[in-house]
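Data first, discussion second: the structure below is written as structure tokens.
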Amino acid sequence: MAPFPELAAISKTLNDESNRVNALLLEFERKLCALNLGVEAWVTDQALTDRRLIETYEKYTGDREGELYRSYDQQLGFGQIGDRWALVVRTVTFERPSVLSDWIVLSEGRPTALLQAARPIRVAALKTLDALVEALTEKAKDMVQSIKAAEQTIEKL
């Protein structure tokens with residue numbers, strides 16, 4: 001068993017490092033907000049956390065046969081909370097009726113501020129910042145293409 005002084009020392013180090021995590025995320029959020037994108041995007045292929053459950057159909061359908069697979073994933077995004085843009089997280093619930101089926105999105109939870117999330121989620125988010133920039137870039141490109149296509153359509157009229 002680790003002695004208590006060792007736990008106290010690592011606790012201080014962990015808290016100091018957590019403060020650095022918050023500062024990094026806040027700086028990243030400020031830089032994204034300064035771009036004035038007005039675009040919401042999510043990292044859907046890299047969950048921050050996931051919890052997978054196997055339950056019986058009976059719980060949901062009354063059918064006693066078979067199992068139901070559910071996953072509750074935390075996803076990183078950039079979007080609006082109230083009237084401000086921020087780094088956000090949401091819980092997405094997936095289901096698949098069998099091991100051979102594809103996952104189906106059942107629900108997407110309401111976004112909450114990443115900076116208010118639990119420490120493990122904030123630390124996990126650091127690994128997906130590049131993926132969020134890619135998702136925002138793709139979403140912005142799609143919007144620009146839609147605007148240009150609409151302009152061309154209108155010019156033809």
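Bear in mind that the values in this text are calculations on the coordinates, not laboratory data. As the structure is a computational prediction, the values presented were derived from the model and not from experiment.
What to note about this one:
- Only DSSP H runs of four or more residues enter the estimate; each adds -39500 (n - 2.57), and after division by the residues of the chain the mean residue ellipticity at 222 nm equals -15500 deg cm²/dmol.
- Global form of the chain, assessed from the alpha-carbon gyration tensor, a/c cut-off 1.5: oblate
- For segment 106-112, Karplus couplings with θ = phi - 60° (6.51, -1.76, 1.60), whole Hz, Gly/Pro x: 8, 7, 10, x, 5, x, 10
- Kyte-Doolittle at least -1.0, axis length at least 24 Å by Cα - qualifying DSSP helices, the chain: 4-34, 129-156
- Under Karplus coefficients 6.51, -1.76 and 1.60, residue-wise ³J(HN,Hα) of segment 84-90 in Hz, glycine/proline x: 10, 8, 7, 5, 9, 10, 9
- Relative contact order of segment 4-156, pairs being alpha-carbon contacts under 8 Å that are 6 or more residues apart, as %: 22
- Long-range amide H partners of ALA41 with built H, under 5 Å: PHE78
- Here's how it looks for GLY109: its modeled amide H is under 5 Å from those of THR91, VAL92, THR93, which are all 5 or more places away or on a different chain.
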